[in-house]
Amino acid sequence: MAEQFYTVASDSETTGEDKSQPSLPDVAIGIDIGTSKCSVAVWNGHQVELLKNTRNQKGMRSYVMFKDDTLSAGVTGGAAKENAHEERDILSGSAIFNMKRLIGRMDTDEVVQASKTLPFLVQTLGIGVRPFIAALVNNMWRSTTPEEVLAIFLLELKALVEMHLKHPVRNAVLTIPVAFSRFQQTRIERACAMAGLHVLRLMPEPTAVALLYAQQQQQLMHDNMGSGIEKIALIFNMGAGYCDAAVAATAGGVSQIRALSGCTAGGEDILQNIMRHVLPNFDSLYAGQTVDRIHSMSLLRIATQDAIHKLVNQETVEINIDLGNGHKVSKVLDHSEFEQVNRAIFDKCEKIINQCLVDAKLVPEDINDVVLVGGCSKIPRIRSLVLGLCKKEISYKNIDALEAAVSGAALEGAIASGVNDSSGSLDLLTIQATPMNLGIRAYGDSFAAIIPRNTTVPARRDMLFTTTHDNQTEALIAVYEGEGERAEDNHLLGYFKITGIPAAPKGTVEISVCMDIDAANVLRVFAGVGKPQGPAIPPFIEVRMPTLDDGHGWCGQALAKMYGKTLDLAVLPKKLQP
Amino acid sequence: MWRRAGAGPLRHHLAAAAAAGCRVNRRPLPPMPPASSSPASCSPLSQHNLGILWGSASVGAPFRSLSNQSGGGGACWSCGATGAFLSCGSCRSVQPVDPAVDYFQIFGLKREYNIKDNNLEGKYKDWQKKLHPDLVHSKSEKERGYAAEQSALVIDAYRTLSKPLSRALYLLKLEGIHVDEDKTINDPELLTEMMEIREAVSNASDSQTLEKIQSQIKEKLETWSDSFQKAFDKKDFDRAVEATQRMRYYERAVEETVKKL
């Protein structure tokens with residue numbers, strides 16, 4: 001999965017000998033990098049164990065603090081000695097956080113645009129290149145990148161694990177949001193490689209939870225309390241940055257992911273909505289980052305965050321804060337107002353759950369358990385919304401909302417490392433599905449999906465295309481991933497040209513495009529002229545995706561402008577999949 | 001961890017001498033060329049591979065030759081035990097794909113249309129637990145390659161057999177009959193009916209009406225499914241092909257109602 005030179009081949013892998021129980025240093029650790037908090041867990045030989053930092057935290061704030069010559073991440077607590085000061089330091093402009101929202105995104109992305117109200121610098125040109133981000137050090141903006149920040153954080157996390165385990169660690173299973181594109185996944189892998197970690201798997205968060213659920217169901221069966229028949233779980237996960245849903249069918253320790261869906265809606269959006277609600281001139285007041293404004297905004301952010309947390313258990317909450325410069329906020333917030341302000345977010349949640357059910361071809365009555373995880377799953381409206389859509393009174397009880405994803409990742413780490421457990425608690429398997437459509441651009445700006453979303457992995461599909469002009473000798477294969485009907489609404493993963501197409505009337509040549517996702521989740525695209533055949537036809541082209549490194553928004557537009565018409569393709573409506 | 005300490009050949013020797021049990025009974029194998037874990041990663045330049053590519057591609061279910069109806073399983077490449085089918089019963093090694101095995105054999109079913117839901121998903125999961133590439137991560141490159149292929153085959157088999165239409169088409173294919181799915185409708189009656197359904201779906205304003213339309217289409221789907229079975233049993237393949245085409249139209253119509261619901 002990661003670049004070749006980071007792969008560590010143990011001698012048993014190269015000789016093809018059956019491997020006996022791997023020694024514990026070879027067991028991959030599980031990491032949940034959250035937008036707000038991170039956690040790490042390991043299989044300790046008997047069970048999954050979450051590790052704590054020196055301040056006794058299992059969930060460590062995700063940030064990196066930039067000081068004169070030192071960098072420190074939230075694992076050890078950065079510069080702050082006391083927890084109470086930590087939040088204020090994070091919001092001082094000197095720390096970069098929300099890396100997970102920013103990584104692998106272009107400056108035209110709405111998530112990046114929304115990040116401009118964070119205390120550190122997020123500068124955009126709006127042309128589809130990576131945003132410029134910087135932390136405040138000695139009253140100067142010092143530039144960095146989300147990958148770099150994440151790598152620094154992971155390095156500190158790795159050191160923490162090695163201190164606990166007293167041996168070096170190299171393999172890891174990380175959880176990622178369902179909405180992460182393959183390009184974003186490569187950014188995560190890059191950050192891991194920079195931190196000296198080899199990514200064994202990137203698991204969509206709800207599928208990690210599904211694995212934990214499968215283990216518990218298996219355990220119940222062993223204890224003769226479960227029936228052993230198939231159980232269907234809907235897993236809903238909402239953290240600070242993302243919201244995901246999955247439907248998993250579990251039997252005998254095997255969890256088949258029937259459907260996945262996700263979007264970028266989370267606690268950060270709720271927080272920003274409430275801040276704008278209690279301070280209507282928020283945007284004009286905080287336009288342009290000065291030290292004063294950053295300080296004032298951090299006060300508002302802390303107070304609002306606090307209020308949202310309190311509102312989980314209270315009917316109403318009061319926000320009273322002096323923002324300096326004569327600006328004061330004094331406001332009482334109740335649930336109905338809170339729900340009104342965040343209606344768009346709840347609508348998004350509803351949409352992904354409904355989509356998940358439709359894609360899984362299930363009705364609410366088919367669902368046995370509703371598993372609610374992630375920090376935002378504590379919000380009453382989220383709970384009632386998810387349970388309501390699934391027609392359930394209560395959610396599944398035995399899973400900790402904040403520890404589920406990392407525990408699942410650590411389980412997967414142990415399984416993928418080949419650990420056997422005599423008690424059978426690792427006798428598990430998750431069969432993954434693709435979270436998004438994969439396809440190419442055709443008919444100008446349309447998107448032709450070749451591997452539809454929720455296809456079981458490993459997968460291979462192909463589709464036939466044809467030329468759109470007479471005597472067209474070249475065609476552009478632009479590979480996209482996403483849910484949009486227009487190619488431009490999706491993530492561009494890469495592109496290449498098929499050349500030497502024999503001159504023929506339009507619509508007569510068969511161009512075959514095959515997509516293959518192997519067991520390691522690597523995507524390859526094969527394309528070439530399928531008909532006519534013969535020695536005069538150029539060889540097929542195989543490309544491992546994504547090939548793009550950066551600035552892909554820019555790139556997609558340039559491609560469309562330069563070649564959109566001349567090198568276009570049309571779908572050949574023949575031999576559809578049964 | 002003495003096994004890990006030795007150099008390659010010594011380890012083979014030690015392992016072979018060490019114990020009974022199939023794991024160590026393995027004959028030393030000649031070094032394999034670096035086979036890729038994915039069947040697709042072979043160079044598409046080779047004609048042979050292209051053949052496979054097309055086969056699995058255009059129809060979703062690779063055509064498998066039926067000349068050798070063994071199905072009982074052969075000798076395990078790893079421990080030599082007989083009766084190894086997909087995975088070895090005694091040493092659990094994943095076996096290479098046998099092109100003579102058809103999807104029905106994988107699920108232990110007779111080759112017939114009406115499979116009466118024999119807990120297909122359960123059997124599918126049982127196989128995946130033995131074959132899935134995630135579970136042979138620490139095995140040899142060669143065996144991981146087998147696992148990737150076998151697992152993909154079982155996924156295809158499950159996908160194909162679990163849905164009536166794809167199961168019907170697969171049965172026809174096993175009989176050597178190719179269904180031209182692109183054939184245009186020339187039955188004016190069907191054409192009118194499809195247009196009427198489409199109109200009714202687009203005019204339906206509430207979910208109740210849509211559900212009613214949907215159940216009507218599903219009934220027709222059921223009828224044609226039955227007539228496929230009868231025709232297929234009588235080896236009246238022309239009628240069987242016609243039935244699959246009808247089934248396809250009604251399935252598309254159901255999809256349209258689902259989209260609107």
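The values are calculated or read from the model by the stated rules, or taken from the named source; none is laboratory data. Computed from a predicted structure; not experimentally measured. Using ideal geometry, Cβ is built from the backbone for each residue, glycine included, and neighbour counts are taken over all protein chains shown. Keep in mind that these areas ignore ligands, DNA and RNA; they rest on the heavy atoms of the full protein, side chains included. Shrake-Rupley method; radii C 1.70, N 1.55, O 1.52, S 1.80 Å.
If you take the residues in segment B:72-129 that are of a type in the set (Lys, Arg) and more than 14 Å from every other protein chain (Cβ to nearest Cβ), which one is farthest from the chain's Cα centre (by Cα)? Checking each candidate, the answer is B:116. Scanning segment A:493-500 for residues that are open to solvent by 20 Å² or more (accessible area, probe 1.4 Å) and out of contact with any strand residue (DSSP E or B) (no Cβ under 7 Å at 6 or more places or on another chain) turns up at least one hit.
Among all residues of segment B:155-172, there is at least one that is in the same structural domain as residue B:124 (by TED's automatic domain parsing) and in contact with a strand residue (DSSP E or B) (Cβ under 7 Å, 6 or more places away or on another chain).
Considering segment B:157-169, and only residues there that are more than 7 Å from chain A (Cβ to nearest Cβ) and within 18 Å of residue B:221 (Cα to Cα), the residue that is surrounded by the most Cβ atoms within 10 Å (Cβ to Cβ) turns out to be B:168. Taking the listed residues B:136, B:154, the one that is open to solvent by less than 40 Å² (accessible area, probe 1.4 Å) and modelled with pLDDT of 90 or more is B:154, with no other qualifying.
With respect to the conditions (1) part of a loop (DSSP other than H, G, I, E, B); (2) under 20 Å from residue A:424 (Cα atoms); (3) basic (Lys, Arg), residue B:123 falls short on a single one, namely (1).
Residues in segment A:505-532 that are more than 11 Å from chain B (Cβ to nearest Cβ) and part of a strand (DSSP E or B): how many? Spell out the reasoning first.
Within segment A:505-532, the first condition is being more than 11 Å from chain B (Cβ to nearest Cβ), and the residues that meet it are A:505-509, A:511, A:529, A:532.
Checking the rest, the ones that are also part of a strand (DSSP E or B) come to A:511, A:529.
Of the residues in that region, 2 qualify.
Check whether at least one residue in segment A:22-43 is within 14 Å of chain B (Cβ to nearest Cβ), open to solvent by less than 20 Å² (accessible area, probe 1.4 Å) and modelled with pLDDT under 60, and report yes or no. Taking every residue of segment A:22-43 in turn, at least one turns out to be within 14 Å of chain B (Cβ to nearest Cβ), open to solvent by less than 20 Å² (accessible area, probe 1.4 Å) and modelled with pLDDT under 60.
Restricting segment A:395-418 to residues that are of a type in the set (S, T, N, Q) and surrounded by 19 or more Cβ atoms within 10 Å (Cβ to Cβ), which is modelled with the lowest pLDDT? Before you say what the answer is, go through the steps one by one.
Kept after step one, since they are of a type in the set (S, T, N, Q), are these residues of segment A:395-418: A:395, A:398, A:407, A:417.
Still in the running and surrounded by 19 or more Cβ atoms within 10 Å (Cβ to Cβ): A:395, A:407, A:417.
Working: A:395: 96, A:407: 97, A:417: 88.
Result: A:417.
Does residue A:255 fit the bill of being open to solvent by less than 10 Å² (accessible area, probe 1.4 Å), farther than 22 Å from residue A:403 by Cβ and of a type outside the set (Lys, Arg)? Judged against the criteria, residue A:255 is not a match. Which residues, counting only those in segment A:133-166, are open to solvent by 40 Å² or more (accessible area, probe 1.4 Å), in contact with a Phe, Trp or Tyr (Cβ under 9 Å, 6 or more places away or on another chain) and either aromatic (Phe, Trp, Tyr) or touching a residue at least 24 places away in the same chain (Cβ under 8 Å) (or both)? Selection gives A:141, A:142. Condition check for residue A:248 on (1) surrounded by fewer than 22 Cβ atoms within 10 Å (Cβ to Cβ); (2) in contact (Cβ under 8 Å) with a residue 40 or more places away in the chain; (3) within 14 Å of another protein chain (Cβ to nearest Cβ): one failure, at (1).
Looking only at segment A:422-477, residues that are open to solvent by less than 40 Å² (accessible area, probe 1.4 Å), away from chain B (no Cβ under 12 Å) and basic (Lys, Arg) come to 1 in all. Listed by first and then second residue, the pairs linking a residue in segment B:136-152 that is facing chain A (nearest Cβ under 7 Å) to a residue that is assigned to a helix (DSSP H, G or I) and surrounded by fewer than 22 Cβ atoms within 10 Å (Cβ to Cβ), with Cβ atoms under 6 Å apart and 6 or more places separating them unless they lie on different chains, are B:137/A:416. Mind checking whether some residue in segment A:203-218 is touching a Phe, Trp or Tyr at 6+ places or on another chain (Cβ under 6 Å), open to solvent by less than 10 Å² (accessible area, probe 1.4 Å) and outside any helix (DSSP H, G or I)? Scanning segment A:203-218 turns up no residue that is touching a Phe, Trp or Tyr at 6+ places or on another chain (Cβ under 6 Å), open to solvent by less than 10 Å² (accessible area, probe 1.4 Å) and outside any helix (DSSP H, G or I).
Residue pairs whose Cβ atoms lie under 6 Å apart, separated by 6 or more positions or on different chains, with the first residue in segment A:365-394 and under 22 Å from residue A:337 (Cα atoms) and the second of a type outside the set (Val, Ile, Thr) and not in a helix (DSSP H, G or I), are A:375/A:239; A:376/A:238; A:377/A:238; A:377/A:401; A:386/A:236. Within this structure, residue A:269 passes the test of being within 26 Å of the chain's Cα centre (by Cα) and either more than 14 Å from chain B (Cβ to nearest Cβ) or open to solvent by 10 Å² or more (accessible area, probe 1.4 Å) (or both). Residues of segment B:182-196 include at least one that is in contact (Cβ under 8 Å) with a residue 40 or more places away in the chain, away from chain A (no Cβ under 14 Å), open to solvent by less than 30 Å² (accessible area, probe 1.4 Å) and in a helix (DSSP H, G or I). Being more than 22 Å from residue A:493 (Cα to Cα), assigned to a loop (DSSP other than H, G, I, E, B) and open to solvent by 10 Å² or more (accessible area, probe 1.4 Å) holds for only one residue in A:126, A:196, and it is A:196.
Could you identify the single residue in A:45, A:93 that is in a loop (DSSP other than H, G, I, E, B), touching a residue at least 12 places away in the same chain (Cβ under 8 Å) and over 27 Å from residue A:282 (Cβ atoms)?
Values: A:93 fails: over 27 Å from residue A:282 (Cβ atoms).
After applying the criteria, what remains is A:45.
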